[in-house]
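**Q** Below is one structure. I have some questions about it.
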Amino acid sequence: MAQELQERLVNILRRFAERRIVIIGDAIADRFVHGSISRVSREAPVFILQHQHTETLPGGAANCAMNLVALGANVSLISVTGSDEAGNELRAKLETAGVNIDGVIASDKVQTTTKVRILAGHSHSSKQQVIRIDYEGASLDDDEVRGALLNKLQRAINNANALVISDYNYGVVDARAVELIRKRADIPVLVDSRFHLQDYPGFTAATPNQEEVEHLVGRSITSAEQLEHAATELKQRLNHRALLVTRGGEGMTLVEQDAPPVHISAVGAQQPVDVTGAGDTVIATFTLALAAGASFAEAARLANYAGGLVVMKRGTATVSAAELEHSIQQV
């Protein structure tokens, strides 16, 4: 990397602490159950897992918030959890990390979406995910909860430097929330939507992965040229200023208005340890960089570094500003 670009990226990174970011989306409790395989069951041809410990980490929009806080931003999360054990643990983890959770509603009318990952292995070996169990709450259709959510969003966005929509298809973000967000046309609004990206036109940028782009344009992508055409087509259809397509071990591709596509090679090891939540890290870094005055290309490069770091950590992880700066300066 040219020294001039390296210095620009570090200077942008050092402005992260001044930025105020609001996230609205689906907060998920990522629960990891660790254990060692002790023997085969007599009841069925299955292994018996000797439980060692269980940890609950913020996932989904909550993981994006955790990444933003780790990078030094002032972060407010707008979401809903249940008044249940998973929701209580989730809110406690967020608050301890420094996320402003005044906009997180705890309601006994909803169940906290929880993803339980079973990690198994022999006593002295690394643990591997063997199965995931999802506990999904019903759609958010309570008018009182919805009204409270919109009120909290309205108050939070007034002082924001950037906004993130983190839609994991569990119902926190609806059309009324989107219309409120559109009133802040003066700041970057970034979208991460697992299934409904087409429902968020006219914002600043989005961060789909290549598979999601293929689904939205209706064809497979087998070359860099095809990816450029598909990403440009999708960006125009969405009327976004830019589109950052994540490609796993192949890095990222950025398309934006009035500029040629930029292909960014992946950094770090070629074999990731765990990709859980990596997309949250990417959009958090991309958003924060734009809020700190970066160009789309500079923000994409910072997001690429962050993504390369986080996939080398197990579980739902974050990257700190110090780690990111160290990684940039090593190139």
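The values are calculated or read from the model by the stated rules, or taken from the named source; none is laboratory data. What you are looking at is a predicted structure, and each value in this text was computed from that prediction instead of being measured. Positions of Cβ are generated from backbone atoms using ideal geometry, with glycine treated the same way; all protein chains shown enter the neighbour counts. Note: areas computed on protein heavy atoms with side chains; ligands, DNA, RNA excluded. Shrake-Rupley method; radii C 1.70, N 1.55, O 1.52, S 1.80 Å.
**Q** In nanometres, what is the gap between the two model label sites at R155 and L5, each 7 Å from Cα along Cα-to-Cβ?
**A** 4.4 nm
**Q** To the nearest 20 Debye, how big is the dipole of the chain about its Cα centre, given +1 on the beta carbon of each Lys and Arg and -1 on that of each Asp and Glu?
**A** With only Lys, Arg, Asp and Glu charged at Cβ, the dipole is about 460 debye.
**Q** What full-extension length gain, to one decimal in nm, is calculated for Q329 and A297 as 0.36 nm per residue of separation minus the Cα-Cα distance?
**A** This chain segment gains 9.7 nm when fully extended.
**Q** Taking a ≥ b ≥ c as the square roots of the Cα gyration tensor eigenvalues, with a/c under 1.5 meaning rounded and otherwise prolate when a/b beats b/c, else oblate, which class fits region 93-154?
**A** Oblate, because a/c is 1.5 or more while a/b does not exceed b/c.
**Q** Whenever you get a sec, compute what percent of the accessible area on the chain sits on carbon and sulfur atoms (1.4 Å probe). Please report the intermediate quantities before stating the final value.
**A** Working: 7110 of 15170 Å².
That share works out to 47 percent.
**Q** Please check which bits of region 58-76 a label hung off R20 would reach, taking the label as a point 7 Å along Cα-to-C-beta and the cut-off as backbone N under 20 Å.
**A** Taking a point 7 Å out along Cα→Cβ of R20, the residues of region 58-76 whose backbone N falls under 20 Å are 65-76.
**Q** Treating only the Cβ of Lys, Arg, Asp and Glu as charged (+1, +1, -1, -1), what charge dipole size does region 134-272 show about its Cα centre? Round to the nearest 20 debye.
**A** The dipole magnitude comes to about 500 debye.
**Q** Only bridges whose two residues both fall in the chain count here: according to DSSP, what percent of them are antiparallel, nearest 5?
**A** 45 percent
**Q** Residue separation times 0.36 nm, minus the C-alpha to C-alpha distance between V46 and E136: what's the value?
**A** 29.8 nm
**Q** In the chain, once you exclude exposed GluC sites (Glu not before Pro) (DSSP loop, at most 16 other Cβ within 10 angstrom), what's the longest stretch remaining?
**A** Answer from the scan: 137-331.
**Q** Provide I24, I105 ordered by accessible surface of protein heavy atoms (probe 1.4 Å), highest first.
**A** The ranking, largest first, comes out as I105, I24.
**Q** Same structure, new question: Once the whole set of protein chains is in place, how much accessible area is left on H229, using a 1.4 Å probe, in Å² to the nearest 10?
**A** For H229, solvent-accessible area is about 110 Å².
**Q** Give me the 1.4 Å probe accessible area per residue for region 177-331, excluding ligands and nucleic acids, in Å².
**A** 43 Å²
**Q** Further question: Can you list the lysines whose alpha carbon sits under 26 Å from that of K313, skipping same-chain ones fewer than 8 residues off?
**A** K93, K115, K127
**Q** Okay, moving on. Once you order the gyration tensor axes a ≥ b ≥ c over the Cα atoms, which shape class does region 1-155 get: rounded for a/c under 1.5, otherwise prolate or oblate by comparing a/b with b/c?
**A** Details: a/c = 3.13, a/b = 1.30, b/c = 2.41.
Taking the square roots of the gyration eigenvalues as a ≥ b ≥ c, region 1-155 is oblate.
**Q** Oh, and also: Might you report the magnitude of the Cβ-based charge dipole of region 142-201 about its Cα centre, with Lys and Arg at +1 and Asp and Glu at -1, to the nearest 20 debye?
**A** In total the dipole reaches around 240 debye.
**Q** Among V46, V262, V33, which one shows the highest mean-square fluctuation when the chain is modelled as a Gaussian network with alpha-carbon springs under 10 Å?
**A** Among V46, V262, V33, the largest GNM mean-square fluctuation belongs to V46.
**Q** When you count, for each residue, the other Cβ atoms within 10 Å and take the mean per peptide, how do 201-210, 58-67, 152-161 rank with the highest first?
**A** Highest-to-lowest ranking by the protection proxy: 58-67, 201-210, 152-161.
**Q** If I compute Rg and Dmax of the Cα atoms in Å from the structure I just sent, which labelled value in (1) 21.7, 89; (2) 19.0, 57; (3) 19.9, 66 lines up?
**A** (3)
**Q** Can I ask one more? Could you work out which residue, out of D26, D84, D192, moves most in a Gaussian network model of the chain, that is, has the largest mean-square fluctuation with Cα springs under 10 Å?
**A** D84
**Q** Considering the options Q210, I187, Q154, tell which one lies farthest towards the positive end of the dipole of region 153-243, charges being +1 on Lys and Arg and -1 on Asp and Glu at the Cβ, about the Cα centre.
**A** Q154
**Q** A further question on this structure: Pick from A284, A185, A230 the residue whose mean-square fluctuation is largest in a GNM of the chain, springs joining Cα atoms under 10 Å.
**A** Result for the chain, Cα springs under 10 Å: A185 fluctuates most.
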